[in-house]
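Heads up: the structure comes next, in C-alpha cells.
Since every read-out is calculated from the coordinates, none of them should be taken as a lab result. Just so we're clear, the structure is a prediction, and the values are computed from it rather than from any experiment. We place every Cβ from the backbone using ideal geometry, glycine too, and count neighbours over all the protein chains shown.
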Amino acid sequence: MSMTVGEYETGVRLEEEAARGRAGKGSDGLSLAPPSTRLLSLDVFRGMTVAGMTLVNNPGTWGAIYSPLEHAEWHGWTPTDFVFPFFLFIVGVSITLALSRRVESGGGKRDLYWKIVRRTALIFGLGLFLAGFPYFDLSTIRIPGVLQRIAVCYLCAALIFLHTDWRKQAYTAAALLLGYWALMTLVPVPGYGPGDLGSKEWNLAAYVDRTVFGPHVWKPAKVYDPEGILSTLPAIATTLAGVLTGHLLRSRRNHLEKVAAMFVAGVACVVAGWAWNYWFPINKALWTSSYVLFTAGMALQLLACCYWLIDLKGYKRWAFPFVVFGTNALALYFLSGLGARLIDLIKLTGADGKPASLKAVVFQNLFASWLAPVNASLAFALCFVLVFLLLMWPLYRRGIFIKV
C-alpha cells in the first residue's frame, strides 16, 4: 500500500477520479462531456456500500442478528445481499471515469496495463492475507474471497473496457449472463446428473469449486464457495453494468436526462431480474444471472438518487461520513477486517474468570449487559463502524488517501 496527499486526478487511486474526456466523439461513438467537477455522488455511494459491508460483517454476536442484516440462506435476497454487487458495480463505473481520458489520448497502453495488473495483484494479495491471518495455514487457507473477486472482476472489466466500445461491452455482459445460465441449468454435474440449483452441494458451481480448490474454500460451507470460479463470470457482468453506467455519466446528456435514464434502466433491470427469477432463482451465493440484473437495477436507482441529491441539488452535508468512507474504501474494508480479527485474538479475563476475547468482553460489558441480544449485537456493529469513521476522518481531513 502507498499514500498520496491531496491528489484527486492522478492515476487510478481508488477508481473514483472523474477523469473526463475532451468534448467531441469518443472511440465508442458517444458524445463526451467536457471536463467537469468531481462526481461526489459516486464517493457517497461507495462510502454507503463499504459502511454497509463493515456493519453486516461485524455484529456483536452471530447468534443474534436482525434478519435484514443477514444474507439469504440460499434462494432469495435481503438488503445485505445488495452490498457486494453494489461495490462491484461502483468499480465498473470508476473504471470508465478513470480510464477514459487515457484511452482517448491515444498514447501507449503499456504503462496502463502494468498499473492494472499491479493493482489486481495487490488487491488479490490483500485478500489472501486476510484469509490467512494470523496463522497462515497453507493447507487450508481460503483462496477465493471478497477482495480476490474484486481483483479478478476489476482486471477483466478494465481489459474489456480498453479493447471494446460500449456496445461490445453490453454484448459481453449479456453473453456472460446467458452463458452462465446455460452452464448452471444444462450441464450435468459429474457423478450426480442434472445440476440441482436448490442444493448447496450438487450444482455445477459448487462441484467446480470443490474440484479446483479442495479444502481451500469457505469453511462454513465446505462444499462450495460464495466467491468461487464459475460464479465470478456473472460477477464480471455486474462490473460491466457499472462500466456501461460510466459511459452514460460521461455523455453529453443533461443531468436530468442522466438521472431519468438511470432510473428507467434500473427499473427495467429489476423487472427483468425478477422475471428471470422464476427459471433461474435470485441467489447471492451462486451469483445467478437474475441476481445480477436485479442488483444492478437497484444500484442504478440508488446511484441516480445520490446523483440527483448531491451533484444536482447540492444536498451534501448529510453525506459527509460516507464521503470519508468512500475516499478510503479499500483501506476501510481491509483495516476493519484486520481489526475484527485482532479483537478476537486478544485474550482477557471474562466475568466468569475464564479467558475471553477482547470482543466478547466489550460486547458483554458495554452492550449485552443492558440490551436485548439482538439490539446489543446491532449496537456493537454500529459502534464498530463509528470507531472506523473516527479513524478515517483525520486521513480525509489531511488529504491522505491510501491506495494500491
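Take the chain, mark every one of the GluC sites (Glu not before Pro) that falls in a DSSP loop and has at most 15 other Cβ within 10 Å, then report the longest stretch left between them, sites excluded.
Details: sites that count: Glu7, Glu9, Glu70, Glu73, Glu201.
Maximal segment without exposed cleavage sites: 202-404.
Express in whole angstrom the spacing between the alpha-carbon centres of segment 80-103 and segment 196-245.
First find each Cα centre; the distance between them is then 21 Å.
Mean Kyte-Doolittle of at least -0.5 plus a Cα span of 30 Å or more along the axis: flag which DSSP H helices in the chain meet both, please.
Details: long enough: 83-105 (34 Å, 1.42); 110-132 (33 Å, 0.71); 255-276 (31 Å, 1.35); 373-397 (36 Å, 1.73).
The qualifying helices are 83-105, 110-132, 255-276, 373-397.
Among residues other than Ala235 whose Cβ falls under 15 Å from its Cβ, what is the net charge (Lys/Arg +1, Asp/Glu -1)? Let's see the in-between values first.
Numbers: positive: Arg149, Lys284; negative: Asp81, Asp209, Asp225, Glu227.
That sum, taken over residues with Cβ under 15 Å, equals -2.
Which one of Tyr396, Ala379, Gly195 has its Cα pushed farthest toward the positive end of the charge dipole of the chain, where Lys and Arg give +1 and Asp and Glu give -1 at the Cβ?
Most positive-ward Cα: Tyr396.
Percent relative contact order of the chain, based on C-alpha pairs within less than 8 angstrom and at least six residues apart?
Details: 660 pairs, mean separation 108.3, N = 404.
It rounds to 27 percent for the chain.
Just check segment 74-130 against the gyration tensor rule for me: Cα atoms, a ≥ b ≥ c as the square roots of the eigenvalues, rounded for a/c under 1.5, and otherwise prolate or oblate depending on whether a/b exceeds b/c.
oblate
Please give the length that would be gained between Lys316 and Val271 if that part of the chain were fully extended, namely 0.36 nm times their separation in residues minus their C-alpha to C-alpha distance (nm, one decimal).
Computed gain between Lys316 and Val271 is 13.1 nm.
For the chain, divide the Cα radius of gyration by the Kirkwood radius and give the resulting Rg/Rh value with two decimals. Mind showing how you got there, number by number?
Values: Rg = 21.4 Å, Rh = 22.2 Å.
We get a ratio of 0.97 for the chain.
Using Cα pairs closer than 8 Å and at least 6 residues apart in sequence, work out the relative contact order for segment 76-174, in percent.
Once divided by the residue count of segment 76-174, the mean separation gives 30 percent.
Hey, rough spin-label estimate for Thr185 and Leu338, points 7 angstrom out along Cα→Cβ, what's it come to in nanometres?
The two pseudo-label positions are separated by 4.5 nm.
Which of the lysines could be linked to Lys347 by a straight reach, that is with a Cα gap under 24 Å, when you skip same-chain ones fewer than 8 residues away?
Straight-distance partners of Lys347: Lys219, Lys359.
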